Amino acid sequence: MVLVGLLAGPLSACVIELPEDAVPEPCDLVVCSTAAYCDDGRCVCEAGHAGNPDAAHGCQPTVGSACTDGCGAHASCDAGTCLCDEGYVATCGGADCLAIERVCDGIDDCADGADEDPMVCVDQAIQEWVVTDACLDGYDVQWRVWSLDRDWVWPSIDDTFWTVGLDVASVEPIECIEGELLCFGGESGPADGPLRWGIGLDGAGECDDCCAPCAADVIDVPALRCD
């Protein structure tokens, strides 16, 4: 809690209590890779990992497979585990290690292209989506955000976000890859004849004004009306 004292006279003071969330912590809005942590507003790969700590899976392991069949290129056996040499990561799987500078260089070095995967190479961001139900039909709106650049949907293919009443803004933060195109889709009403907005809950529709690129900003979807 932050206390601000305002002098009202030589012997008196007025103390204003500010809510704790008035002063955000440096890591409050920072999204880090798996196998990474936030330190004073910056993402850092955990021990045993190296790479891009700002991408969803950018921190790659420096520990490979067990040594039962020997270790591959740029790795050595230590206590039964293949350890990558310094400056190398086990991005491709298996027993070989890949030089960290060859990860995200625009050239597929792994057989499956894992070293150029956007989840490894591209920074992620927190984007807030604001949805307001302005349709007086007696139903709340369930909605999703779809990525058109990869097979991904928020909150998930088995779940939906919901509005919370008429003319009340529903705000949901999502973690996305910077630059990927995201689109809104929502429905309300009975299952046999729901109203639909954007690209729909199944992501199969089309729209002119329901999409935006992922960035660390706020997307205010136009009020959902049914008139």
query: Fewest first, what order do ILE219, ILE107 take by the number of other Cβ atoms within 10 Å?
result: ILE107, ILE219
query: Based on the alpha carbon coordinates of the range 36-121, what radius of gyration and maximum Cα-Cα distance (Dmax) apply, in Å?
result: 12.9, 42
message: What number results when the radius of gyration of the range 120-227, computed over Cα atoms, is divided by 2.2 N^0.38 Å?
response: 1.03
message: Treating only the Cβ of Lys, Arg, Asp and Glu as charged (+1, +1, -1, -1), what charge dipole size does the chain show about its Cα centre? Round to the nearest 20 debye.
response: 360 debye
query: What dipole magnitude, in Debye to the nearest 20, does the range 126-220 give about its Cα centre under +1 on Lys/Arg Cβ and -1 on Asp/Glu Cβ?
result: 80 debye
- request: In whole Å, largest first, what are the principal axis extents of the Cα atoms in the range 158-209?
  value: 36, 25, 24
The range 72-186 - Rg over Rh from alpha carbon coordinates, Kirkwood radius: 1.22
query: What is the chain by shape, rounded, prolate or oblate, if you read a ≥ b ≥ c off the alpha carbon gyration tensor as root eigenvalues and call it rounded for a/c under 1.5, prolate for a/b larger than b/c, and oblate otherwise?
result: oblate
message: With +1 assigned to the C-beta of every Lys and Arg and -1 to the C-beta of every Asp and Glu, and no other charges, what is the dipole magnitude of the range 36-121 about the Cα centre in debye, to the nearest 20?
response: 180 debye
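FYI, it's all coordinate maths here, none of it is from the lab. Note that the coordinates shown come from a computational prediction; the quantities given were computed from them, not determined experimentally. Cβ: placed from backbone, ideal geometry, glycine included. Neighbour counts: every protein chain shown.
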